[in-house]
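Colleague: Here it is, the structure in full.
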Amino acid sequence: MSNFFHTKIEYLKGIGPMRAELLQKELNMYTYGDLIQHYPFRYLDRTQFYRIAELDESMPYVQVRGRVKGKQLLGEGRKQRLAATLVDEAGDEMELVWFKGVKWMEKSLKNHTDYIVFGKPTEFNGKYNMAHPELEELAEEKQTTSFLQPVYHTTEKLKAHRIDSKVISKYIESLLKIAAPNIHETLSPDLIDLYRLTDKRSALQNIHFPESVEKYNAAKFRLKFEELFYIQLRLLRQKVVRRADLAGQIFKQVPTVTEFYKNHMTFDLTGAQKRVIKEIHKDMTSGKQMNRLLQGDVGSGKTIVAFITMLIAADNGAQSVLMAPTEILAEQHYTGLKEFADRLGIKIGKLTGSSKTKERRELHEQLRSGEMKMIVGTHALLEDVVQFHNLGLCIVDEQHRFGVEQRSKLWRKNPRIIPHVLVMTATPIPRTLAMTLYGDLDVSVIDEMPAGRKEIVTVHRFDSHRLRVFQFVRDQIKLGRQIYIVYPLIEESEQMEQYKDLMDGYESIRRAFPEYQVSMVHGKLKPQDKDYEMQRFVKHETQIMVATTVIEVGVNVPNASVMIIESAERFGLSQLHQLRGRVGRGAEQSYCILMTGYKLSKDSKTRLETMVRTNNGFEIADIDLKLRGPGDLMGTQQSGVLDLLISDLAKDAPILQEARAAAQNILHDDPQLENAEHQNIRRHIQSLSANTVNWSRIS
Ligand code: ADP
Ligand code: MG
């Protein structure tokens, strides 16, 4: 877009400085560009009208055409309201009511005039009414050619200043009038041809004021395609630039890796693990810096892949770090990796916020001298005092994508040559999200479970069936198995109450199973006590482990074969799947029992049904995305990145695929975007990077 779209909105007719400031504060809307990209979130279908006689309480929002016949102010002071009668063509009547802005409505609502009203019908005393309906004079409506009328997102504060959806629509209408000559095509002619895209001008016109269903659909597709295309293009260009610029250490030697394979492996790698290790090894011998994402479902065996990658570095005289987002995860990784490292006599350490000063000093020294080859830890690893002899590999285990700043802190720990980077995700993330958040990385997926694993049998049981569930638990313990019982602990504010749930649960379990030993672990225990309780369970001194979600990570007890999740409706899908992953680690058939009351929301039911139906973490992540939306799924840190203007990552996967393929093809043929064909694209990228407000959403 040319500079026209960088014009401040206050200069648009009818806005002015005061309203501009409000729009800025409330909607983050600064420029003409922001305004024109304030797309409607729904439309009123001007062809769909209801008669008053057809109304029914179950209808959401409906549109009725009629004449206002009489209006009156009722009540006094703060309780004052305005009531008006609307009569439709059939002669049926309905009441319209306002409790707020009463005076202003009283003035502006015209008696004996035809209106279209839009709102939620409710029945009262055998008569339908609508509170605070949207109103439009019929005469006015006839002038617009648009059959779908846009509805725009506003806020209460904006509405209080009379900037409602209709007013925004007016702003956009007048902007579109003056903007037309300034709207330049932002995609290349070959893309427009290939994907049969509508041109930019028509797209903007029709997304706001559709002339027909076809034109509206074409506009929507084109704008989504464009949005996703530019995100992908940017990510893929970063990848190309990095490839061209950044050299990586070459790790050709593999003596210890070979020895490990030959003498110390207690199982065979799965085909998927082998393939992924090959991909990683290829990167590490390419002479370019590796930037790879490793994804795998819970229990798919990412730890051994991480270890072998670190071993490759060690075989070539380089050190490696594995950084985790929390102490518990760091602890889990450390335990997993140490088991392998010990077999080879390789020195591995752990550094977290709770490491003791003396311990730290020793670690720092050993890292600086190069004596310590592998280190696992948290953000504590980023501190400046942590220096390496030759850092060659960084593995980052992420819950949320670490910031660029943080990652570069790790990179700079080798001033000579940037370390290879392997990013692992703690849980599978949906493909569309991975492409958007990690689209600049190469991707490896472990899509196969180790042989001999039995599918975990998952069932949903109501609380009233607890006795039968307990009988099942007893039978399993008699077979020599161990049991987890997990209670939810979700939000800080609820902690006390849930802590009580846990305590009550613990007591009732002890009463129900007096013949067995019960461990209990929760976040409030001191680390030593937690460890002690865990160890009792690990050593099979206890048969039952009662816990909060702290056991979501950090526990590996192959003999535990039953996972009971209490109040399962309160957990997110990915979390349920993570918890379930604590069982099914041994050779025995494992079970996951989801306990709930009878009262369940629609989303809770979907979550429970999904858990019962599938064990596939990627499928579960996809459904979680549809239920929660990308922001909630990935945590607030990422919501900015995923704040798309028009696309929806839960629904637009096919468009995303095409947009990424298109970006890939263009960069393949013309990496610098020098061809005459691609000048629109080049210009648009420059304009995007000049417009910092826009880019901050994505970078
Ligand atoms: P995750 O991908 O969830 O981190 P882990 O790396 O913790 O999974 O592996 C889960 C369990 O499976 C561990 O006990 C590990 O030793 C074991 N495991 C990993 N790979 C294999 C394999 N190829 N065959 C058998 N067991 C394996
Ligand atoms: Mg793991």
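Colleague: Give, in nm to one decimal, the length gained when the segment between residue 359 and residue 250 is fully stretched (0.36 nm per residue of separation minus the Cα-Cα distance).
Modeller: Numbers: separation 109, 0.36 × 109 = 39.24 nm, distance 3.23 nm.
The span from residue 359 to residue 250 would gain 36.0 nm if fully extended.
Colleague: Modelling each spin label as a point 7 Å along the Cα-to-Cβ direction, I'd like the residue 99/residue 265 distance in nm, to one decimal.
Modeller: Computed distance between label sites residue 99 and residue 265 equals 6.9 nm.
Colleague: Let me ask another. State, to one decimal in nm, how far the label point of residue 669 lies from the label point of residue 470, with both points 7 Å from Cα in the Cβ direction.
Modeller: 7.1
Colleague: Among bridges DSSP assigns within the chain, what percent are antiparallel (round to 5)? Before the final figure, lay out each step's value.
Modeller: Values: 32 of 87 bridges.
If we restrict to bridges inside the chain, about 35 percent are antiparallel.
Colleague: Please work out how much length the chain gains when fully extended from residue 383 to residue 56, using 0.36 nm per residue of separation minus the C-alpha to C-alpha distance, in nm with one decimal. Mind showing how you got there, number by number?
Modeller: On the way: separation 327, 0.36 × 327 = 117.72 nm, distance 6.41 nm.
Gain on stretching residue 383 to residue 56: 111.3 nm.
Colleague: What order do you get for 228-239, 88-99 when each peptide is scored by the mean count of other beta carbon atoms within 10 Å, highest first?
Modeller: Details: 228-239: 20.4, 88-99: 16.2.
The densest-packed peptide leads the list: 228-239, 88-99.
Colleague: Peptides 331-340, 242-251: what's the order by average Cβ count within 10 Å, highest mean first? Each step should come with its number before you reach the end.
Modeller: Values: 331-340: 19.8, 242-251: 15.6.
Result, highest mean Cβ count within 10 Å first: 331-340, 242-251.
Colleague: If you don't mind, another one. Can you give the direction-averaged projected area of the convex hull of the alpha-carbon atoms in the chain, in nm²? Don't skip to the end; give the middle numbers.
Modeller: On the way: hull surface 149.5 nm².
With every direction weighted equally, the projected area is 37.4 nm².
Colleague: Taking R0 as 30 Å, what's the FRET efficiency between residue 686 and residue 411 from their Cβ-Cβ distance, rounded to 0.05? Before the final figure, lay out each step's value.
Modeller: Working: r = 28 Å, r/R0 = 0.92.
That pair, residue 686 with residue 411, gives E of 0.60.
Colleague: Apply the Karplus curve 6.51 cos²θ - 1.76 cosθ + 1.60, θ = phi - 60°, to the phi angles in the stretch 315-328 and return the couplings in whole Hz, x for Gly and Pro.
Modeller: Going residue by residue, I get 5, 10, x, 10, 9, 9, 10, 10, 10, 10, x, 9, 4, 4 Hz, with x marking Gly and Pro.
Colleague: Compute the FRET efficiency between residue 525 and residue 73 as 1/(1 + (r/R0)^6), taking r as their Cβ-Cβ distance and R0 = 60 Å, and round to the nearest 0.05.
Modeller: Details: r = 63 Å, r/R0 = 1.06.
So, using R0 = 60 Å, E works out to roughly 0.40.
Colleague: Between residue 275 and residue 10, how high is the FRET efficiency from 1/(1 + (r/R0)^6) when r is the Cβ-Cβ distance and R₀ = 56 Å? Nearest 0.05.
Modeller: Working: r = 57 Å, r/R0 = 1.03.
Here the calculated transfer efficiency is 0.45.
Colleague: In nm, give the distance between the simple-model label positions of residue 123 and residue 241, each being 7 Å from the Cα along the Cα-to-Cβ direction.
Modeller: So the label points at residue 123 and residue 241 sit 6.3 nm apart.
Colleague: Sticking with this one: In the full protein assembly as shown, how much of residue 52 is accessible to a 1.4 Å probe, in Å² to the nearest 10?
Modeller: Roughly 10 Å² of residue 52 is accessible to a 1.4 Å probe.
Colleague: Sticking with this structure for a sec: Determine the share of the chain's accessible area contributed by carbon and sulfur atoms, expressed in whole percent, with a 1.4 angstrom probe.
Modeller: Working: 16910 of 33400 Å².
Ligands and nucleic acids excluded, carbon and sulfur reach 51 percent.
Colleague: Which percent of the Cα-Cα distances in the stretch 47-143 go past 20 Å? Please list the in-between numbers first.
Modeller: Numbers: 1491 of 4656 pairs.
Value for the stretch 47-143 (Cα pairs over 20 Å): 32 percent.
Colleague: Using unit Cβ charges (K, R positive; D, E negative) and no other charged atoms, how large, in debye to the nearest 20, is the dipole of the stretch 185-326 about its Cα centre? Could you put the intermediate results ahead of the total?
Modeller: Numbers: 21 positive and 15 negative charges, 37 e Å.
Computed charge dipole of the stretch 185-326: roughly 180 debye.
Colleague: Still on this structure, I have one more. So how do 201-213, 302-314, 74-86, 519-531 stack up, highest first, on mean other-Cβ count within 10 Å?
Modeller: Working: 201-213: 19.5, 302-314: 24.2, 74-86: 13.8, 519-531: 15.4.
So the peptides 201-213, 302-314, 74-86, 519-531, ranked by packing, come out 302-314, 201-213, 519-531, 74-86.
Colleague: What is the extension gain from residue 201 to residue 214, computed as 0.36 nm multiplied by their sequence separation minus the C-alpha to C-alpha distance, in nm to one decimal? Could you put the intermediate results ahead of the total?
Modeller: On the way: separation 13, 0.36 × 13 = 4.68 nm, distance 1.55 nm.
The residue 201-residue 214 span can extend by a further 3.1 nm.
The values are calculated or read from the model by the stated rules, or taken from the named source; none is laboratory data. Everything numeric here is computed off the predicted structure, so don't read it as measured data. Here Cβ is always computed from backbone atoms with ideal geometry, including for glycine, and neighbour counts include all displayed protein chains. With ligands, DNA and RNA removed, areas are computed over all heavy atoms of the protein, side chains included. Shrake-Rupley method; radii C 1.70, N 1.55, O 1.52, S 1.80 Å.
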